[in-house]
1. Please enumerate the residues belonging to the stretch 171-217 that are more than 15 Å from the ligand (Cβ to nearest atom), surrounded by fewer than 22 Cβ atoms within 10 Å (Cβ to Cβ) and more than 22 Å from residue 122 (Cα to Cα).
2. How many of the residues in the stretch 146-172 are part of a loop (DSSP other than H, G, I, E, B), free of Cβ contacts under 8 Å to residues at least 40 places away in the same chain and touching a helix residue (DSSP H, G or I) at 6+ places or on another chain (Cβ under 7 Å)?
3. Within the stretch 259-378, considering only strands (runs of 3 or more DSSP E) that don't extend past its boundaries, which have at least 3 residues that are in contact with a helix residue (DSSP H, G or I) (Cβ under 8 Å, 6 or more places away or on another chain)?
4. Select from the stretch 95-107 the residues that are within 14 Å of the ligand (Cβ to nearest atom) and in contact with a helix residue (DSSP H, G or I) (Cβ under 6 Å, 6 or more places away or on another chain) and list them in ascending order.
5. Of (1) farther than 30 Å from residue 142 by Cα; (2) surrounded by 24 or more Cβ atoms within 10 Å (Cβ to Cβ), residue 263 satisfies all except one. Which?
6. Picking from 252, 272, 277, which residue would you name as being in the same structural domain as residue 314 (by TED's automatic domain parsing) and within 16 Å of the ligand (Cβ to nearest atom)?
7. Identify all residues within the stretch 349-379 that are surrounded by fewer than 21 Cβ atoms within 10 Å (Cβ to Cβ) and closer than 25 Å to residue 163 by Cβ; write none if there are none.
8. Being within 16 Å of the ligand (Cβ to nearest atom) and closer than 30 Å to residue 372 by Cα is the filter; apply it to the stretch 108-152 and report the residue that is surrounded by the most Cβ atoms within 10 Å (Cβ to Cβ).
Ligand code: FE
């Protein structure tokens, strides 16, 4: 079936064009600049001036609408998959917490049973359990353990593991990075007290990612630039960023974009179960959390406990903070993650890429979300 999305502003890395998007089945066939003749098709979607962007990739999301992936509920997975479409997400990595292996196995089994009717979930992101016990944040320290590639392998047989976030300074940390890479899994460092030298060893082993950059990692010091300095220094390192203006100040968001450029930044939600829900009391990994004005904090100690951020809001925030054009910022919503995680041909509005497309109004509200050429959300 051929579909045409006409009258849209098509925004893709280094592209901002009044155009129509021609879709053949599940794939983008080509962009047709405004004014050129349109071919006959089976279905026309009139975008009426809306902005079309590649569907967003959320590489770090724990939950939404009162479900956490670690509830190990397929009902929850199905619901999260649908509701993420409302924020323009077409690809999501369900992200686990630091828990016992049997709990992680149960979570992966529940994701493996996903009905697939919402956004795509090509694999999971294991956040922990191989983190530094001194940097747990809202992760439960009771389940922290040493890097163990065999545990990742066992989980990977249940459902593909795409990314593992761990502390590189743990015994066997650099070796874990290279073992993961050998299996096509992206290693990433976070919940870590690594100094620059420890980062450098993992970098030499192939590590090219830092998760929720700036949060739960060594800050920049002028005699040891730590993980924050390392992330800013190395052009080849991808950074996850929670742009809710709470996990990172607007000034730091501006600084990171200024130094790194959007091509190495991936916006993530790091959303917990309260995303899409009212303020109130929730839990994260069994720990009580209070959500006030959208800010989720552990009741004990007050550490930030994930976010309630939605990715279309994150895009609006970086647009307002950085002043960069959408054709630059668009990398941070999809293309960077697609590359950092080897997700295949997604993340660009170009011939041969998946027809995963979000249509946004001028205030970044999501009006339609297409997955593989199919309208799966509209309002
Ligand atoms: Fe975290």
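1. 171, 172, 175, 195, 196, 197, 200, 201, 203, 204, 205, 206
2. 4
3. Here the list reads 265-267, 366-371.
4. Matches in the stretch 95-107: 96, 97, 98, 99.
5. (2)
6. 272
7. 350, 352, 353, 372, 376
8. Per the stated criteria, the residue is 126.
The values are calculated or read from the model by the stated rules, or taken from the named source; none is laboratory data. Since the model is a prediction, treat every value here as computed from it, not as a measurement. Positions of Cβ are backbone-derived with ideal geometry, glycine not excepted, and every protein chain shown enters the neighbour counts.
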